[in-house]
Amino acid sequence: METLRISNSDGVARITISREKALNALNTQVLDELNVAIDEIDKDKSIRVLVITGQGEKAFVAGADIKEISDLTSETAKAFAEKGQKVFRRLEVLKCPVIAAVNGFALGGGLELALSCDFIVASENAIFGLPEVTLGLIPGFGGTQRLSRIVSPSTARRLIYTGEKLDAKKAYEIGLVTEVVPQEELFKVVDKITGKISALAPVAIAHAKEAIDRGLDHILDEALHLERDFFASLYRTKDVREGTRAFIEKRKPNFVGA
Ligand code: CAA
């Protein structure tokens, strides 16, 4: 991989987008390599949680690569947006949780990447925005759809129509990020969260993830149906016996992931 750095230890994988000179902007190569990385992570059952971040201290990802997209035609633009949308959707439906560790600018396609993750942990210097309209464009990697599902639709409209940027504190206030931490503590905090998730029952977490993702697009009665099917299917796993027994026996559970 030329544009990504990938690590994997103790069930926690990390993908670092590494085009620091271009503030980690997403070109076709990054999207293609991300697709391959997701394939690998999807196949590796030992991975319990994935962290996505950007190389360096300045940017998570500053958007799609403007130099590349400036020459697109309507046809190639459609293919480019489809590629980004497909890769981000694959990330969104990965079985394991995906955390965006945002360490600087998360603009345009960069924010859209973070929005495809399960949640966002931001450092104090993070800056968020969908500035596509300032380029005569709109978000093309899912921003119009995901931002309006995560923050209120009117807040999403305001941010998308003005292209204005938000600091981490404001992003926290609107519910875009789950926490804001000093930059030097970002990975300490993320490691704490990944440590907790990776010690829990992965099938339960995967089912919770799928229930939330699929449920959001169903009416409530159908979504509740989905939830009880997942709840019931967990009774076929060893981990539910272990988790409930461990509680009763007042000991720590030892989950086996099955
Ligand atoms: N694409 C390509 N290169 C980029 C880039 C991007 N999105 N963002 C930054 N860079 C490059 C700059 O061109 C510059 O390269 P050079 O040194 O070769 O000139 C380098 O990264 C450093 O950037 P700046 O000098 O601009 O740094 P700054 O500190 O002055 O500003 C910034 C930082 C505010 C993030 C500014 O770079 C910026 O506004 N970037 C563009 C943000 C943006 O508009 N993103 C949306 C892209 S469109 C999109 O994402 C479409 C979609 O939905 C799919």
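What ranking do THR194, THR73, THR144, THR16 get, fewest neighbouring Cβ atoms within 10 angstrom at the top?
Ordered by Cβ neighbours within 10 Å, fewest first: THR73, THR144, THR16, THR194.
With axes computed from alpha carbons, what is the tilt in degrees of helix 153-162 against the longest principal axis of the chain, rounded to the nearest 10 within 0 to 90?
In the chain, helix 153-162 runs at an angle near 30 degrees to the longest axis.
Which longest uninterrupted range of the chain lacks any GluC sites (Glu not before Pro) assigned by DSSP to a loop state (not H, G, I, E or B) and surrounded by at most 10 other Cβ atoms within 10 Å?
On the way: sites that count: GLU2, GLU249.
After excluding every exposed loop site, the longest remaining stretch is 3-248.
Of the trypsin sites (Lys or Arg not before Pro) in segment 181-258, which ones lie in a loop per DSSP and count no more than 11 other C-beta atoms within 10 Å?
Numbers: sites: LYS188, LYS192, LYS196, LYS209, ARG214, ARG228, ARG236, LYS238, ARG241, ARG245, LYS250, ARG251; in loops: LYS250, ARG251.
Sites meeting the loop and neighbour criteria: LYS250, ARG251.
Taking the chain as a Gaussian network, Cα atoms linked when under 10 Å apart, which of SER198, SER233, SER74 shows the biggest mean-square fluctuation?
Between SER198, SER233, SER74, it is SER74 that shows the largest mean-square fluctuation.
For helix 186-198, what angle does its Cα long axis make with the longest principal axis of the chain, in degrees from 0 to 90 and rounded to 10?
Rounded to the nearest ten degrees, it is 40.
Out of GLY143, GLY84, GLY56, any idea which swings most in a Gaussian network model of the chain, alpha carbons joined below 10 Å?
Checking each option, the largest mean-square fluctuation is seen for GLY56.
Starting from the Cα of GLU210, step 7 Å toward the Cβ, then list every residue of segment 223-258 with an amide N under 19 Å from that point.
223-241, 256-258
Taking R0 as 35 Å, what FRET efficiency do you get between ASP221 and MET1 from their Cβ-Cβ distance, rounded to the nearest 0.05? It would help to have the intermediate numbers written out before the result.
Values: r = 45 Å, r/R0 = 1.27.
With R0 = 35 Å, the Cβ-Cβ based efficiency is 0.20.
Using only Cα atoms and rounding to the nearest 10 degrees, what angle (0 to 90) does helix 202-215 make with the longest principal axis of the chain?
Value to nearest ten degrees: 50.
Taking the beta-carbon count within 10 Å as an exposure proxy, list TYR235, TYR172 from fewest neighbours to most.
Working: TYR235 8, TYR172 17.
The most exposed by this proxy come first: TYR235, TYR172.
If we count every other residue with Cβ under 14 angstrom of ILE138's Cβ, Lys/Arg +1 and Asp/Glu -1, where does the sum land? It would help to have the intermediate numbers written out before the result.
On the way: positive: LYS78, ARG146, ARG157; negative: GLU112, GLU132.
Value of the local net charge: +1.
Please give the length that would be gained between SER9 and SER148 if that part of the chain were fully extended, namely 0.36 nm times their separation in residues minus their C-alpha to C-alpha distance (nm, one decimal). Numbers along the way, then the final one.
Values: separation 139, 0.36 × 139 = 50.04 nm, distance 3.46 nm.
Extra length available between SER9 and SER148 comes to 46.6 nm.
Evaluate E = 1/(1 + (r/R0)^6) for SER70 and THR162, where r is the Cβ-Cβ distance and R0 equals 30 Å; express this FRET efficiency to the nearest 0.05.
Values: r = 22 Å, r/R0 = 0.74.
About 0.85, to the nearest 0.05.
The numbers here are math on the coordinates, done by the rules we state, and not lab data. Because the structure is a prediction, the values reported are computed rather than measured. Every residue, glycine among them, receives a Cβ derived from its backbone with ideal geometry; neighbour counts consider all protein chains shown.
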